[in-house]
1. Helix B:164-177 versus the longest principal axis of chain B: what is the Cα-based angle in degrees, 0 to 90, to the nearest 10?
2. Over all alpha-carbon pairs of the protein assembly as shown, lay out the pair-distance distribution in 10 Å bins, whole %, shortest bin first.
3. If I compute solvent accessible area with a 1.4 Å probe over the protein chains, what percent of it on the range B:229-315 is carbon and sulfur?
4. Set the Förster radius R0 to 25 Å, insert the Cβ-Cβ distance between A:MET340 and A:ALA241 as r into 1/(1 + (r/R0)^6), and round the FRET efficiency to 0.05.
5. Any idea what the A:SER191 label distances to the other copies are, label 7 Å down the Cα→Cβ vector, nm, shortest first?
6. Using alpha-carbon pairs under 8 Å, 6+ residues apart, how would you state the relative contact order of chain A in percent?
7. Provide B:HIS134, A:HIS72 ordered by accessible surface of protein heavy atoms (probe 1.4 Å), highest first.
8. Long-range amide H contacts for B:ASP149: which residues qualify at under 5 Å (H placed 1.01 Å from N, peptide plane, sequence gap of 5 or more or a different chain)?
Number of protein chains: 2
Amino acid sequence: MKKPTIHDIARELNITFSTVARALRNHPGISEATKAAVRQMAEKLNYRQNKLASSLRSGNTYIIGVIVPSLHVSFFSSVVHGIEKVMNENGYSILLYQSNELLQQEIRGIDTFLQSHVDGIISSVTLETEAYSHYEEIKNRNIPLIFFDRAIAALETPAVTIDDYQGGFIATEHLIQQGYRRIVHITAEQSLPIFKERLRGYQDALQRYGIPVQEELILQGQFSLEYGRACVQQLREQGIAFDAVFALEDYTAMGVIQQLLAYGVKIPEETGVIGFANEAFGALVQPGLSTIDQQTVKMGQEAARLFLKQIRDKQGTEGRPPEQIVLAPGLIVRGSSRRMG
Amino acid sequence: MKKPTIHDIARELNITFSTVARALRNHPGISEATKAAVRQMAEKLNYRQNKLASSLRSGNTYIIGVIVPSLHVSFFSSVVHGIEKVMNENGYSILLYQSNELLQQEIRGIDTFLQSHVDGIISSVTLETEAYSHYEEIKNRNIPLIFFDRAIAALETPAVTIDDYQGGFIATEHLIQQGYRRIVHITAEQSLPIFKERLRGYQDALQRYGIPVQEELILQGQFSLEYGRACVQQLREQGIAFDAVFALEDYTAMGVIQQLLAYGVKIPEETGVIGFANEAFGALVQPGLSTIDQQTVKMGQEAARLFLKQIRDKQGTEGRPPEQIVLAPGLIVRGSSRRMG
């Protein structure tokens, strides 16, 4: 039996070949009614889309590659959810590559995506990424590249980030307003701008409220649950007094809570804790973990929209600066830091 | 400047073209010393691998597609970690596609992987997957297909699963041994074999210990945290007494705990709770959530090994039944069910 083609569908419905082709890839210019008719006829004729042939004609694969540092972190899987939502509606498929925070893996992921002829790459860089010729290669090939959360400013690429400075500021301000004064900040050894900005927000909030910034209250390390525990142990062993902790991310904050509880410290009465990123577990633990929300789904949706915009505007953006979207962080107050009203 | 090629590296090191090619794709037959020398020379000559050309020669892309129902569930991201570990060591890259538990998305993911010319597909099917012609298409194309956790038995495909019957049995037996007698089981509406097996294990454990199986204690629904809460509310409203709950997965179990605590029920003194899957949050909440461990990383590693085996044995397996690996589940006892000793 001869395999049915797009031409067969077009003939049966008495519409053009290109209308069928666009309907099949869910082109926004085709009405929902036409799309439904095409899909029904395709099913009736037992038509199976030859995506490779269709991509060779159009030069597009309708595949987007997304590089994430770690899928164990719900922040990243939530952003992916937002990207998928918008891209699927626009007829694209999403492939994911996990860099595991390793530069070599990130390079390999980009190679793999280029080899698969993706139409674009959306990425959040690893903690190790300081050189970035692999990202330049994407741009040199004229393939749209969008960053989210962790971007490389020097590359002048469209990006969606949140205002990490503001996030650090409101987290610290909240602790101050709850009456805490000796506020520890746990930050990262890595030089990623997002962590530097959170630290800067912390410092400025203290100064705004007339509280001196003390170096002994700023701890730097490999962030993790274990590191959070270790920080509390270290502060206690060194006899450094503190009444609150703002940790750069939620797992570290969770370690802080566990170690404080192990010492019999009352949370939030004696010591308050706030994290960053609004990981899913923070609503399940007791006390609930206060944190900073990063509008993850919106971040993914905006990243997808920046990609679609870049595809549409392929000509005519020369010389214009790339679009940068900065989302506002939100304060989520739970039991770990609510001791007033 | 002329672009450096594999031939240039081979000439400089005085080894054969094929040795360089295999070293570059990390072939297990090449020594680590040779690989290191090749990598160094490649870097010195500024050689950039043309993977597409190399894949056209070999017919292989060294890309594996992995389909997971949901990356929000740490069970799946842990299995992926195991797959990545073995496959990366063997020179393969892993691309992920998230089906979001939707059959249509799963079909689309397979199309996308076939379009990307992956060397194989490793998948765990969605809750909706009852027809499976899309999986037959992979087999018809002679592309290795491996299932993990959720498999389609009729397809006679190599698979790694855990013994869900045994998991249901030991979870229930543990509750009985802790002195609980009226044990609720929350199961799924879906017909997936894994959930049926857990239910069967629950029923058999009760019978083994001379406890009657009571239909009013078996609840069926869309599993989720919210559904877990709803189950406890429903049992209370209907005046059905119970002293323990075995939920088919951890989020549902967490909902049960939250609602019990909201009613002021003491856990584990008055009511015991156990889940299934060992999600990461279970160790962070208070009380800790007892659960069944599914050896996730090992599951991923074994799935990867089944793939490698299929590649190696491409000839000569005709007529032999496909290899099925069944891992043993492990009991993890935490505060939610430990009331004796």
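The values are calculated or read from the model by the stated rules, or taken from the named source; none is laboratory data. Keep in mind that this is a model prediction, so the values were computed, not measured. Positions of Cβ are generated from backbone atoms using ideal geometry, with glycine treated the same way; all protein chains shown enter the neighbour counts. For the accessible areas, the whole protein counts, side chains as well, though only heavy atoms, and no ligand, DNA or RNA atoms are used. Shrake-Rupley method; radii C 1.70, N 1.55, O 1.52, S 1.80 Å.
1. For B:164-177 against chain B, the angle is about 40 degrees.
2. 3, 13, 21, 24, 21, 13, 5, 1, 0
3. 46 percent
4. Step by step, r from the Cβ atoms, then E = 0.75.
5. Going from nearest to farthest copy, the values are 6.0 nm.
6. 17 percent
7. Most to least solvent-accessible, the answer reads A:HIS72, B:HIS134.
8. B:VAL160, B:THR161, B:ILE162
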